Amino acid sequence: MKNIFTLFKRIMKAGISNFWRNGWLSTATVAVLSVTLFMILSLIMISVITETLIANLQSKVDVSIYFKKDAKEADILNMKNDILVLNEVKSAEYISEDDALFEFREKHSENEIIIQSLDALEENPLEASLNIKAKDPSLFGSIVATLEKEQYKEIVNKINYYENKGIIDALGVLISTIRKVGFGISVILVIIAFLVAFNTIRITIYTMREEIGIMKLVGAGNWFVRGPFVIEGLLYGLTSSLATIIIATPILFFSAPYIKDFFPGIDLFSYFNGNIFQIWLILFVISGTIGSLGSLIAMQKYLKV
Amino acid sequence: MIVFDHVSKKYKNGSVALDDISFRVKKGEFISIVGQSGYGKSTILKLVIGEERSTKGSVFVGGQDVASLSGYDIHLLRRKVGMIFQDFRLLPKKTVYENVAFSLEVSGASNKDIEEDVPQVLNLVGLSHKSDKFPSELSGGEKQRVAIARALVDRPDILIADEPTGSLDSLNTWDVIRLLIKINELGATVVLATHNREVINMLNKRVITLDKGYIIRDEEQGRYII
């Protein structure tokens, strides 16, 4: 047990001292890894922007159910409860006749003619309605199908789904296209970044190949040779992930206001600041894996001495 | 200690390095292997430490058939066999002290043993005052002495030297040879491969002469004759 501890300590020490003494090589490797991480961080930020935009768009899409004038409020509220049970539904809002009239007046308060003609009417011409939002616009089809059941025919006057179906569907296609294209581009960029980073690690190991051979000839077991490189790889990961965070912080801080002007409602810096630990952890796991696993893979052939 | 039993070695490109070689090295012997470059000296040494495998015949080191050893046993074998090379093969990013200590670290020696043995061996090769230097700060002769210290510190049964003086001037050459003799006197079996005529003639010990993969001469108190 004591032996394993001593061994581990020696491997740790060798790894840290290699990292330090390899100065330039370490710096170059960390720089390339940081560029890789910076790109991944940018992709994360871009996906935050698009997801927020998509969420904004989706929140604007709704379907309204208009009720007959003689429908009882209790029945309508019952129906609302039935709707809220559905998995696809995000929210359902009841708007009574009076609410509808009030909103309508508010909206057109500057239009004399409309106000005058409303005043001329003796009863409220507007119908009570339920305003439904779906978790995803493509789900409206199945929601509406449920709403058209026989039990509701008594009270429902009209569902405005079919008038808006074209727009809703187009929006659904647009959103899923944005997601697919974004995913595709991200995957390609991440693969390129990984290849570049892995190649850098390979070059680093290549410059060490003689030392690896010497260690083996002096009688070091494979893990005694590999160990320090794994530690070094993790240190590459640690340094480059911290460097990326340190570089990204001021960049996001100063650019966030401009991004906010462009896409209202998106505050990248506060998102970054609020999730800084998770973001760092993701970056560290990625770069630490490339660094240590990459070293292990790259050095395998030099171990056969 | 070392037995070569009808050993042949052909490389993949078809060149024959050794052809049906047999000899024995007794414990505590000092043996030199001479011959021109490319005549199989290095191949013999590589076979001893399992860096190469024979195509025919067997090599025994300390009673073990080297060809039968797996990866882990090979590295145990290498701990028993110290090795020095013409190009020193020091770890460039480690100090003199760390290079020597490394050899003990890999064998799992305790820190206490390392702290005792390394200065002792560095003292033996006369480099105590340079223990914090890196190899790039040393002369060729000093580098070779570090390599010898590294080979010695694990108290090997066998010390193998592959052209250890090949890139040294004559003054450093004698330093190194004197060290090898001293090590031999302390009990280690020494196998020296060289083509340095003066060294061989001065040693006056057993010499095996190779010519194109054959042993053409094997004499006690041999001389360099090619």
Exercise for the section: May I ask for the distance between the Cα centers of segment A:247-273 and segment A:194-232, given as a whole number of Å? Expected result: 41 Å
Fill in the blank from the handout: For chain B, the dipole about the Cα centre with charges only on Cβ (Lys and Arg +1, Asp and Glu -1), to the nearest 20 debye, works out at 360 debye
Fill in the blank from the handout: So, with points 7 Å from each Cα along the Cβ direction, the B:GLU116-A:TYR94 label distance in nm works out to 9.0 nm
Completion exercise
Which residues qualify? For B:SER8, with a placed amide H closer than 5 Å and at least 5 residues away or on another chain, they are B:ASP20, B:ILE21, B:THR55, B:LYS56, B:GLY57
Exercise for the section: Output ³J(HN,Hα) for segment A:181-188: one whole-Hz value per residue in order, computed from phi by the Karplus curve 6.51 cos²θ - 1.76 cosθ + 1.60 with θ = phi - 60°, and x for Gly and Pro. Expected result: 4, x, 5, x, 4, 4, 4, 4
Fill in the blank from the handout: Expected sort for B:LEU18, A:LEU242, A:LEU41 with the fewest Cβ neighbours (10 Å cutoff) up front is A:LEU242, A:LEU41, B:LEU18
Problem - Helix A:2-21 axis, angle to chain A major axis (alpha carbon atoms, nearest 10°) - result: 80 degrees
Completion exercise
Projected onto the charge dipole of segment B:26-152 (unit charges on the beta-carbon of Lys, Arg, Asp and Glu, signs +1, +1, -1, -1), the Cα from B:THR43, B:PRO135, B:PHE88 with the largest positive-side position is that of B:THR43
Handout entry: Over chain A, relative contact order from alpha-carbon pairs under 8 Å, at least 6 apart, %
Key = 29 percent
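Counting other beta carbons within 10 Å of each residue's own, what order do B:MET83, B:MET202 fall into, fewest first? Mind showing how you got there, number by number?
Working: B:MET83 25, B:MET202 13.
Fewest to most other Cβ atoms nearby, the residues stand as B:MET202, B:MET83.
Quick check on chain B: of the DSSP beta bridges with both residues there, what percent are antiparallel, nearest 5%?
That works out to approximately 50 percent antiparallel.
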Fill in the blank from the handout: Output field shielding_mean for A:209-218 (other chain Cβ, 10 Å radius) holds 6
Completion exercise
Along segment A:214-224, Karplus-curve 3J(HN,Hα) (6.51, -1.76, 1.60; θ = phi - 60°) to the nearest Hz, with x for Gly and Pro, reads 4, 4, 5, 5, 6, x, 6, x, 4, 6, 5
Handout entry: Positive-end extreme of charge dipole, chain B - chosen from B:TYR11, B:ASN172, B:ILE31 (charges on Cβ)
Key = B:TYR11
Exercise for the section: Round to a whole angstrom and tell me the spacing of the C-alpha centers of segment A:140-164 and segment B:36-64. Expected result: 88 Å
Exercise for the section: Kindly work out what percent of the DSSP beta bridges joining two residues of the protein assembly as shown are antiparallel, to the nearest 5. Expected result: 60 percent
Handout entry: Fewest-first sequence of B:ARG78, B:ARG155, B:ARG206 by Cβ atoms within 10 Å of each Cβ
Key = B:ARG155, B:ARG206, B:ARG78
Exercise for the section: Output the Cα-based Rg and Dmax of the protein assembly as shown in Å, rounding Rg to one decimal and Dmax to a whole number. Expected result: 39.7, 133
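Only the coordinates and a few stated rules stand behind these numbers; no lab work does. What you see is a predicted model; the values in this text were computed from it and never measured. Note that we place each Cβ from the backbone using ideal geometry, even for glycine, and neighbour counts take in every protein chain shown.
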